[in-house]
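Worksheet: one structure, shown below.
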Amino acid sequence: MTPMARRTHTIATALAFSLLCFGCSSTSPPVEYYTLAPLPRSAPVAAVQPQITIAVRPVALPDLLDRPQIVVRTRETTVSVSDFQRWAGTLRKDFSRVLVENLNILLQDLPAAAATDDIALDPDFIVAVHVNRFDGRPEGALVLSALWSIKHSKGTPEMAVRKSLIEERSEAPGYEGLVAAHSRAVAALSREIAAEIRRMQK
């Protein structure tokens, strides 16, 4: 091997070793997991036999949102998906869970009991929610656009079909503030649904 070839080989070996060491020393950021939060309970409520039962069907999400990663809206027609900011479970099931919890809190004075439709047998009301958009950006606005319906399954064939467009600003930096805005948007939707159930119950 000529001196020039030996020098080239040595440089290439050193470069490869440096790249290997850099790859070993650099680590990916840890994955952070988030979950939606229900409305806070103001005070403990004595257990009573519910007079109204509400079945909540599984919330329908667009394919774009039905994934472990949190989706961030970058422009009107573009989004980004973070590999390191994820939902702890599935957003679809988490949305349904929080909606059920919120309705139980908001309608506890009727008294009413809300549950997913696989548990609520022979309900008085059936709630269905179809989400069209549920995304935003950190330090920006979160938008929830949804079509929802309530069917009075007993007594009368009355049915309400409504559209909600809810916007919540992130009140804290980063993804924590964005997920908190998600929770407030679900709370706002829950209030609209609870108000309609009250109207139909009269």
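Could you look through the range 152-202, keep only residues that are surrounded by fewer than 13 Cβ atoms within 10 Å (Cβ to Cβ) and in contact with a Pro (Cβ under 9 Å, 6 or more places away or on another chain), and pick out the one that is farthest from Val59 (Cα to Cα)?
Pro173
Within the range 165-172, can one find any residue that is part of a helix (DSSP H, G or I), out of contact with any Cys (no Cβ under 8 Å at 6 or more places or on another chain) and in contact (Cβ under 8 Å) with a residue 12 or more places away in the chain? Walk me through it before giving the result.
As a first pass, look at the range 165-172 and keep what is part of a helix (DSSP H, G or I): none.
No: the range 165-172 contains no residue that is part of a helix (DSSP H, G or I), out of contact with any Cys (no Cβ under 8 Å at 6 or more places or on another chain) and in contact (Cβ under 8 Å) with a residue 12 or more places away in the chain.
Of a type in the set (A, V, I, L, M, F, W, C) and buried (at least 22 other Cβ atoms within 10 Å of the Cβ), is that true of Leu103? Walk me through it before giving the result.
Values: of a type in the set (A, V, I, L, M, F, W, C): yes; buried (at least 22 other Cβ atoms within 10 Å of the Cβ): yes.
Yes, satisfied.
Would you confirm whether or not the range 124-131 contains a residue that is over 22 Å from Gly174 (Cα atoms) and either of a type in the set (Lys, Arg) or outside any strand (DSSP E or B) (or both)? Can you show your working first?
If we filter the range 124-131 for residues that are over 22 Å from Gly174 (Cα atoms), which is where we start, we get 124-131.
Filter once more, so that each one left must be either of a type in the set (Lys, Arg) or outside any strand (DSSP E or B) (or both): 124.
For the range 124-131, residues over 22 Å from Gly174 (Cα atoms) and either of a type in the set (Lys, Arg) or outside any strand (DSSP E or B) (or both): present.
List pairs: first residue in the range 94-115 and within 14 Å of Arg198 (Cβ to Cβ) and of a type in the set (Gly, Ala, Ser), second residue modelled with pLDDT under 95 and surrounded by fewer than 21 Cβ atoms within 10 Å (Cβ to Cβ) anywhere in the structure, Cβ distance under 6 angstrom, at least six positions apart or on different chains.
Ala112/Pro50; Ala112/Ile52
Give the residue, chosen from Ser145, Ser82, Ser149, that is touching a residue at least 12 places away in the same chain (Cβ under 8 Å), over 19 Å from Ala188 (Cα atoms) and not in a loop (DSSP other than H, G, I, E, B). Explain how you work it out, then say what you get.
Details: Ser145 fails: over 19 Å from Ala188 (Cα atoms); Ser149 fails: over 19 Å from Ala188 (Cα atoms).
So the residue among Ser145, Ser82, Ser149 that is touching a residue at least 12 places away in the same chain (Cβ under 8 Å), over 19 Å from Ala188 (Cα atoms) and not in a loop (DSSP other than H, G, I, E, B) is Ser82.
Being surrounded by fewer than 21 Cβ atoms within 10 Å (Cβ to Cβ), in contact (Cβ under 8 Å) with a residue 12 or more places away in the chain and of a type in the set (Phe, Trp, Tyr), is that true of even one residue in the range 117-138?
No, every residue in the range 117-138 fails to be surrounded by fewer than 21 Cβ atoms within 10 Å (Cβ to Cβ), in contact (Cβ under 8 Å) with a residue 12 or more places away in the chain and of a type in the set (Phe, Trp, Tyr).
Is it fair to say Thr78 is of a type in the set (S, T, N, Q) and over 10 Å from the mean Cα position of the chain (by Cα)? Spell out the reasoning first.
Values: of a type in the set (S, T, N, Q): yes; over 10 Å from the mean Cα position of the chain (by Cα): yes.
For Thr78, the condition - of a type in the set (S, T, N, Q) and over 10 Å from the mean Cα position of the chain (by Cα) - is met.
Can you work out which of the residues in the range 85-118 that are of a type outside the set (A, V, I, L, M, F, W, C) and in a strand (DSSP E or B) is farthest from Phe134 (Cα to Cα)?
Taking the range 85-118 and keeping what is of a type outside the set (A, V, I, L, M, F, W, C), we get 85-86, 89-90, 92-94, 96-97, 101-102, 104, 108-109, 111, 116-118.
Now narrow it down to the ones that are in a strand (DSSP E or B): 85-86, 116.
Values: Gln85: 16, Arg86: 15, Thr116: 21 Å.
Selected residue: Thr116.
Please go through the range 139-151 and give me each residue that is within 14 Å of Glu171 (Cβ to Cβ) and either touching an Asp or Glu at 6+ places or on another chain (Cβ under 7 Å) or buried (at least 21 other Cβ atoms within 10 Å of the Cβ) (or both), ordered by number.
The initial filter retains those residues of the range 139-151 that are within 14 Å of Glu171 (Cβ to Cβ), namely 139-142.
Matches in the range 139-151: Ala141, Leu142.
Among the strands (runs of 3 or more DSSP E) confined wholly to the range 2-79, which include 2 or more residues that are of a type in the set (A, V, I, L, M, F, W, C) and at pLDDT 85 or above? Explain how you work it out, then say what you get.
Values: elements: 32-34, 52-56, 69-75.
By residue number, 52-56, 69-75.
Which ones in the range 117-137 are out of contact with any Ser or Thr (no Cβ under 9 Å at 6 or more places or on another chain) and at positive phi? Spell out the reasoning first.
Filtering the range 117-137 down to residues out of contact with any Ser or Thr (no Cβ under 9 Å at 6 or more places or on another chain) leaves 117-119, 135.
Scanning the range 117-137 gives no hits.
Return the residues of the range 138-180 that are within 15 Å of Tyr34 (Cα to Cα) and not hydroxyl-bearing (Ser, Thr, Tyr); say none if nothing qualifies.
Scanning the range 138-180 gives Pro138, Ala172, Pro173, Gly174, Glu176, Gly177, Leu178, Val179, Ala180.
Has the range 52-60 got at least one residue that is surrounded by fewer than 19 Cβ atoms within 10 Å (Cβ to Cβ) and in contact with a His (Cβ under 6 Å, 6 or more places away or on another chain)?
Taking every residue of the range 52-60 in turn, at least one turns out to be surrounded by fewer than 19 Cβ atoms within 10 Å (Cβ to Cβ) and in contact with a His (Cβ under 6 Å, 6 or more places away or on another chain).
The values are calculated or read from the model by the stated rules, or taken from the named source; none is laboratory data. This is a predicted model, so every value here is computed, not measured. No Cβ is skipped: glycine too gets one built from the backbone with ideal geometry, and neighbour counts run over all protein chains shown.
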